Amino acid sequence: GRLLAPYGIRYVVVPIADDTVSSVRRPLPLPDGLLDALDAQLDLSRPLSENLNFAVYENAAWVPAAAMLSPAGAEASREAGASALARADLSGASAARLGRLDAESDVQVSAGTMQLAVPFDDRWSLSVGGFSVEPRPSFGSTVAFEVPAAGAGTLRFDTPLSRHLAV
């Protein structure tokens, strides 16, 4: 669960039957040990245990897609790799008030580390109270901003010209 947390993944769904070529009585063939491995994860639980067409796991370690990290989470976000994520304590993260994650979004932030569940790209920028905040890698793969003071801000992604031309 902790490996998925920075990406804003709260649920993992494993299809078991599609009611077209399979059913609950004749389920899809799953990889050997998949459900056992997911059941053994400390941060994943199965809140829905009924006989369904899918297995649902809830990630107890998840953080919102746009989150203000706790001081411990902010410190952990400076490290990269699976072992750093497995050790990270991301409890205490709170949602950053973000209208919609778009090319330009209004955001209300607290002072501290804001983490976005998007791949790191230095085209992201944040301005709060007229001050620009540069992005940094978070957990080696996502985006974080060190916000100096609370306030209303603007989160932007500078879409490259090549993207517009390709479209």
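Overview of results
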| quantity | calculated |
| --- | --- |
| Some residue of segment 36-47 being under 28 Å from residue 107 (Cα atoms) and open to solvent by 30 Å² or more (accessible area, probe 1.4 Å) | no |
| Qualifying positions in segment 48-69 - part of a loop (DSSP other than H, G, I, E, B), of a type in the set (A, V, I, L, M) and open to solvent by 50 Å² or more (accessible area, probe 1.4 Å) | 52, 60, 65 |
| In segment 97-118, residue most open to solvent (accessible area, probe 1.4 Å) [restricted to those that are at pLDDT 90 or above and closer than 11 Å to residue 157 by Cβ] | 118 |
| Residue match in segment 53-68 (condition: out of contact with any Leu (no Cβ under 9 Å at 6 or more places or on another chain) and of a type in the set (D, E, K, R)) | no |
| Residue match in segment 32-47 (condition: of a type in the set (Ser, Thr, Tyr), more than 28 Å from residue 119 (Cα to Cα) and not in a helix (DSSP H, G or I)) | no |
| Number of the exception - residue 155 against (1) open to solvent by 70 Å² or more (accessible area, probe 1.4 Å); (2) out of contact with any helix residue (DSSP H, G or I) (no Cβ under 8 Å at 6 or more places or on another chain); (3) not β-branched (Val, Ile, Thr) | (1) |
| Any strands (runs of 3 or more DSSP E) falling wholly within segment 70-167 and containing at least 1 residues that are among the β-branched types (Val, Ile, Thr) and over 15 Å from the mean Cα position of the chain (by Cα) | 104-109, 124-128, 131-133, 142-147, 151-157 |
| Subset of segment 15-35 (residues that are of a type in the set (A, V, I, L, M, F, W, C) and exposed (fewer than 15 other Cβ atoms within 10 Å of the Cβ)) | 21, 24, 28, 30, 34 |
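The values are calculated or read from the model by the stated rules, or taken from the named source; none is laboratory data. Worth saying up front: this structure is predicted, and the values here are computed from it rather than measured. Note that each Cβ is placed from the backbone with ideal geometry, even for glycine, and that neighbours are counted across all protein chains shown. Quick note on the areas: whole protein, heavy atoms, side chains included, nothing else; ligands and nucleic acids left out. Shrake-Rupley method; radii C 1.70, N 1.55, O 1.52, S 1.80 Å.
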